[in-house]
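Below: the structure, in structure tokens.
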2 protein chains.
Amino acid sequence: MTQVPTAAVVAVALPALPEVRPGDDLAGLCIGAWRDLAAAQPGLAPIHGDVLVVTQKVVSKAEGRVVDLRSVEPRPEAVEFAGRFGRDARQVEVVLRESAEVLRMERGLIISRTRHGFVCANAGVDASNVGEADTLTLLPEDPDASARALRDRLVAAFGVSVGVVVSDSFGRPWRWGIVDVCLGIAGFAPLADLRGQPDADGRVMHATVVAIADEIASAAELAAGKTSGRPLVLVRGAQLPPGESSVTAQVVMDPRDDLFR
Amino acid sequence: MTQVPTAAVVAVALPALPEVRPGDDLAGLCIGAWRDLAAAQPGLAPIHGDVLVVTQKVVSKAEGRVVDLRSVEPRPEAVEFAGRFGRDARQVEVVLRESAEVLRMERGLIISRTRHGFVCANAGVDASNVGEADTLTLLPEDPDASARALRDRLVAAFGVSVGVVVSDSFGRPWRWGIVDVCLGIAGFAPLADLRGQPDADGRVMHATVVAIADEIASAAELAAGKTSGRPLVLVRGAQLPPGESSVTAQVVMDPRDDLFR
């Protein structure tokens with residue numbers, strides 16, 4: 001045990017979940033896991049301002065956003081691309097179906113924009129950690145709605161206002177390595193807009209909109225790790241921006257506004 | 001106080017520093033601040049595997065990477081661009097000097113690649129939090145070297161192997177909001193390369209290289225906030241990848257490898 005000031009930010013992985021299958025009650029599993037954590041560590045029972053970070057993978061599985069590869073008929077383009085790079089053509093087919101726009105398709109990698117507006121590798125389609133060899137997970141249809149539904153259940157069960165972040169690991173330009181970001185949010189706003197506030201020198205900040213929800217997702221990843229089978233992380237102590245909660249409405253950038261592209 | 005399992009990741013802001021000026025002994029200030037924290041909270045005295053996250057701003061100030069605007073003679077291009085968007089032409093001039101390559105220059109914003117290879121707004125040149133109205137901070141000449149020098153002093157003072165991350169807030173494509181990333185590192189490797197390891201289902205992961213140091217920088221930002229004047233954050237509990245420590249050698253991507261651009 002370590003004693004830390006309450007001003008600190010703490011990320012704690014909840015106990016591992018059993019394999020999640022389509023139709024499972026994910027909210028019930030989350031509530032049970034958090035209760036188990038609190039039984040071992042009463043100080044970690046839910047309190048106002050806590051955030052439960054849930055990986056996209058278990059959300060997608062519970063929502064049935066899973067594809068059985070045996071049911072997939074790849075289009076010729078998928079067969080050709082898969083053949084060139086030693087990939088499974090049916091998997092490529094699913095990625096293309098999940099892509100609103102393919103941005104790059106080379107060296108075996110597909111970078112695309114999903115219908116939600118997320119730009120990521122393979123349109124978020126994932127084969128790892130799915131449990132069965134011939135299935136893929138797709139991103140949730142509406143990750144904000146997934147987060148809201150989960151939050152409603154948590155608030156009802158615990159009687160305190162907690163937030164929810166649905167997270168996934170995305171690559172990014174210019175830098176190697178993936179970082180976890182927020183795909184769906186409930187209970188707080190994803191961005192802290194500090195524009196117009198004085199900084200530590202009393203100078204007004206002009207361009208400081210901080211992606212708090214993405215930073216919370218990244219902090220959670222540090223606590224969970226990739227190989228641990230722990231898809232739930234409690235993040236406590238972050239200053240949560242109040243206001244509307246929507247990643248697609250507030251974080252996803254219209255390409256016309258995007259000077260970083 | 002909250003009791004947390006030692007397996008958790010904890011980010012705690014160190015006590016605020018006084019205004020840092022060129023030539024100040026930043027390592028000495030860090031050692032003093034950490035001792036003050038440990039005096040109040042003995043459990044937070046440095047231990048093996050701790051990471052001290054230091055904002056670029058105080059590193060740059062201590063290293064004298066500060067420009068007095070009164071000494072800057074803007075080129076005609078800077079005057080023209082500044083005039084169109086209500087910016088200070090001398091500030092634009094400094095940004096152009098710090099840019100190895102300007103990627104975008106429109107709507108008042110300059111996105112460029114620095115000599116280190118970082119792609120960011122205004123080449124990392126910053127006017128906020130500098131203390132005096134007519135100065136700008138530039139990025140450190142070599143943030144990895146800054147981190148190494150700081151780490152050497154911390155290890156000598158505390159006698160334990162701690163890591164150091166020099167952090168800054170960067171925008172990114174496709175998503176609104178800035179997140180803190182790692183510009184310089186010492187004591188551990190910035191990336192956890194999990195390729196070839198089995199995931200939670202025993203399936204080998206093919207594309208999982210996690211940007212641990214960037215996630216640590218983001219977690220630290222959650223604890224410090226932007227307006228607090230707290231440039232130092234202790235991050236404890238992250239699994240630090242062993243190996244070479246260099247952001248420019250390991251994280252900065254050669255544009256030819258960058259399918260996300």
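Between A:A16 and B:V102, what's the calculated FRET efficiency when r is the beta-carbon distance and R0 is 51 Å? Round to 0.05. Present the calculation step by step, with values, prior to reporting the outcome.
On the way: r = 49 Å, r/R0 = 0.95.
FRET efficiency, A:A16 to B:V102: 0.55.
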For A:G43, label point 7 Å along C-beta direction: distances to other copies, nm:
0.4
Grab the DSSP H runs of chain B that are 4 residues or longer, score each as -39,500 (n - 2.57), total them, divide by all residues and round the 222 nm result to the nearest 500 deg cm²/dmol.
-8500 deg cm²/dmol
Can you give me the long-range amide H partners of A:I185? Hydrogens built in the peptide plane at 1.01 Å from N, cutoff under 5 Å, separation of 5 or more residues or another chain.
A:D144, A:A147, A:V166, A:V247
The ³J(HN,Hα) series, computed from each phi in region B:144-160 with the Karplus coefficients 6.51, -1.76 and 1.60 at θ = phi - 60°, rounded to the nearest Hz and given as x for glycine or proline, is 5, 5, 4, 5, 4, 5, 5, 4, 4, 5, 5, 5, 5, 6, 9, x, 10
Among residues other than A:R90 whose Cβ falls under 12 Å from its Cβ, what is the net charge (Lys/Arg +1, Asp/Glu -1)?
-1
Efficiency of FRET from Cβ geometry, B:A39 and A:R256, R₀ 45 Å, rounded to 0.05
0.25
Neighbourhood net charge (9 Å Cβ-Cβ; Lys/Arg +1, Asp/Glu -1) for B:P173
+4
C-alpha long axis of helix A:89-98 to longest principal axis of chain A, angle in °:
50 degrees
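Counting other Cβ atoms within 10 Å, keep those with at most 14, restrict to DSSP loop, and tell me which trypsin sites (Lys or Arg not before Pro) in region B:57-140 are left. Before the final figure, lay out the partial values.
On the way: sites: B:K57, B:K61, B:R65, B:R70, B:R84, B:R87, B:R90, B:R97, B:R104, B:R107, B:R113, B:R115; in loops: B:R65, B:R87, B:R107, B:R115.
When the trypsin sites (Lys or Arg not before Pro) of region B:57-140 are filtered for loop state and at most 14 Cβ neighbours within 10 Å, B:R107, B:R115 remain.
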Copy-to-copy spacing for A:S228, label 7 Å out on the Cα-to-C-beta vector, in nm, shortest first?
2.2
Roughly how tilted is helix B:212-224, in degrees to the nearest 10 and between 0 and 90, from the longest Cα axis of chain B?
80 degrees
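Mind checking A:160-173 for the average number of partner chain beta-carbons within 10 Å of each residue's beta-carbon?
Details: counts 0, 0, 0, 0, 0, 0, 0, 0, 0, 4, 4, 7, 12, 10.
Mean partner-chain Cβ count within 10 Å for A:160-173: 3.
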Out of the DSSP beta bridges found with both residues in chain B, what percent are antiparallel (nearest 5)?
85 percent
If you project the alpha carbons of region A:206-260 onto the principal axes, what extent comes out on each, in Å, largest first?
39, 24, 20
If you take each beta carbon of peptide A:10-16 and count the beta carbons of other chains within 10 angstrom, what is the mean?
5
Compute the helix-to-body angle for B:76-85: its Cα long axis versus the longest principal axis of chain B, expressed 0 to 90° and rounded to tens.
80 degrees
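Can you figure out the FRET efficiency of A:D134 with A:V79, using R₀ = 22 Å and their beta-carbon distance, to the nearest 0.05? Mind dumping the intermediate values first?
Details: r = 18 Å, r/R0 = 0.80.
So, using R0 = 22 Å, E works out to roughly 0.80.
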Shortest first, in nm, what separates the label point of A:A16 from those of the same position in the other copies (7 Å along Cα→Cβ)?
4.6
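Quick note: the coordinates plus some simple rules give every number you see, no bench work behind them. The structure displayed is predicted, hence computed values, not measured ones. Please note: Cβ atoms are built from the backbone with ideal geometry, for glycine as well, and neighbour counts cover all protein chains shown.
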